[in-house]
Amino acid sequence: MNYDHSFHAGSFTDVFKHITLMCLIQKLQLKEKGFGYLDTHSAYPYYQLQAKSEADTGIRKLWQAKNLSPTLRQYLNLIDAFNEKLNAKRVYYPGSAAFAWLMRRSQDSLILNDIEDEPYQALKAFFKKDSSVHCHHQDAYQLMKALLPLKERRGLVLIDPAFEVINEFDLLTRSIESALQRWPQGVYAIWYPIKHKHAVERFLTMIEKKTQLPVINFKCCPWPDDVNMRLSGSGMLIINPPWQIEQVLNPAILEIERVLREA
Ligand SMILES: C[S@@+](CC[C@H](N)C(=O)[O-])C[C@H]1O[C@@H](n2cnc3c(N)ncnc32)[C@H](O)[C@@H]1O
């Protein structure tokens, strides 16, 4: 297992995933009380965008677009703010951990994790001065067992596996079932690729069977199924979605799809 996210940084799936993450955090921050954020598969804190990469059909399309909605502009502003911290302009693309870190308030806390040594060391080094960030180096599903419920009682768990093992959907289903038994109040956001439709449908049906909690499945599919790309789309399953999140996310997803399809 040696997943390197750098070629995929800023891809269309990252755009969808990180806008969803931003909207979830904005909703949680409507309350003054702090919340915990657990990023089970953080990867690196950020990536230097390569000259030719999946960013060409993702973030670079948004950078060219005009008249974007406030939601998409807020997302681009976060990326600009991150680059400013590194004295750069549109050179770096933040990972999920850095998006959450950019948005955190003093009352919020972040737990980041990656099983691989390099991304873990990079996370630890980048966030070392921030005492509200805790980095772990473990199997995501073991860590969820150990840490849930989060001590803040309110919180978001982002589960974003690399899908490099063939039974990832089964691992996810088992681990979500056990997490919900321990922490039914948590908000869970689970990213998945739309590649093998049968496996996706089986996963969604299993989750629906295993919980009575509210669930919304968001999908972003800018390309036709037979497109000559790694993926035609991806999804984010949200358990215990914050109130009215769909009113923000549904139009944002339509906009992402439209902008990404533009030549
Ligand atoms: C898709 S990347 C995560 C990207 C990141 N969440 C983002 O949005 O920027 C998946 C990461 O999961 C890590 N990983 C793979 N298997 C894991 C496991 N069992 N537990 C924890 N991390 C794992 C990989 O090393 C990789 O860095």
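Looking at this structure, is TYR120 outside any loop (DSSP other than H, G, I, E, B), hydroxyl-bearing (Ser, Thr, Tyr) and farther than 21 Å from ALA140 by Cα?
Working: outside any loop (DSSP other than H, G, I, E, B): yes; hydroxyl-bearing (Ser, Thr, Tyr): yes; farther than 21 Å from ALA140 by Cα: no.
Judged against the criteria, TYR120 is not a match.
Every residue, every condition in (1) in a helix (DSSP H, G or I); (2) on the phi > 0 side of the Ramachandran plot; (3) within 15 Å of the ligand (Cβ to nearest atom), yes or no:
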site	(1), (2), (3)
LEU78	yes, no, yes
PRO149	no, no, no
ARG153	no, yes, no
ALA162	no, no, yes
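Looking at GLN48, GLN64, which one is within 16 Å of the ligand (Cβ to nearest atom), farther than 26 Å from ILE245 by Cα and modelled with pLDDT of 95 or more?
GLN48
Restricting to the range 107-166, name every residue that is farther than 17 Å from TYR46 by Cβ, modelled with pLDDT of 95 or more and of a type in the set (Asp, Glu).
Answer for the range 107-166, where residues must be farther than 17 Å from TYR46 by Cβ, modelled with pLDDT of 95 or more and of a type in the set (Asp, Glu): ASP108, ASP117, ASP139.
Restricting to the range 46-63, name every residue that is free of Cβ contacts under 8 Å to residues at least 24 places away in the same chain and of a type outside the set (Gly, Ala, Ser).
Hits for the range 46-63 are LYS52, ASP56.
When both residues are 6+ apart or on different chains and their Cβ atoms are under 7 Å apart, which pairs have a first residue that lies in the range 158-184 and is free of Cβ contacts under 8 Å to residues at least 24 places away in the same chain, and a second that is of a type outside the set (A, V, I, L, M, F, W, C) and part of a loop (DSSP other than H, G, I, E, B)?
Every condition considered, the pairs that remain are GLU168/PRO161.
What do you reckon, is GLN64 within 16 Å of the chain's Cα centre (by Cα) and surrounded by fewer than 17 Cβ atoms within 10 Å (Cβ to Cβ)?
No; evaluated as a whole, the condition is false for this residue.
Looking at the structure I just gave you, is LYS85 charged (D, E, K, R), away from the ligand (no atom under 16 Å from the Cβ) and buried (at least 20 other Cβ atoms within 10 Å of the Cβ)?
Considered against the rule, which asks whether it is charged (D, E, K, R), away from the ligand (no atom under 16 Å from the Cβ) and buried (at least 20 other Cβ atoms within 10 Å of the Cβ), LYS85 comes out as no.
Against the definition (in a loop (DSSP other than H, G, I, E, B), of a type in the set (A, V, I, L, M) and farther than 21 Å from ARG104 by Cβ), how does LEU68 come out, yes or no?
In short, yes.
The values are calculated or read from the model by the stated rules, or taken from the named source; none is laboratory data. Because the structure is a prediction, the values reported are computed rather than measured. Glycine gets a Cβ as well: all are built from the backbone with ideal geometry, and neighbour counts include every protein chain shown.
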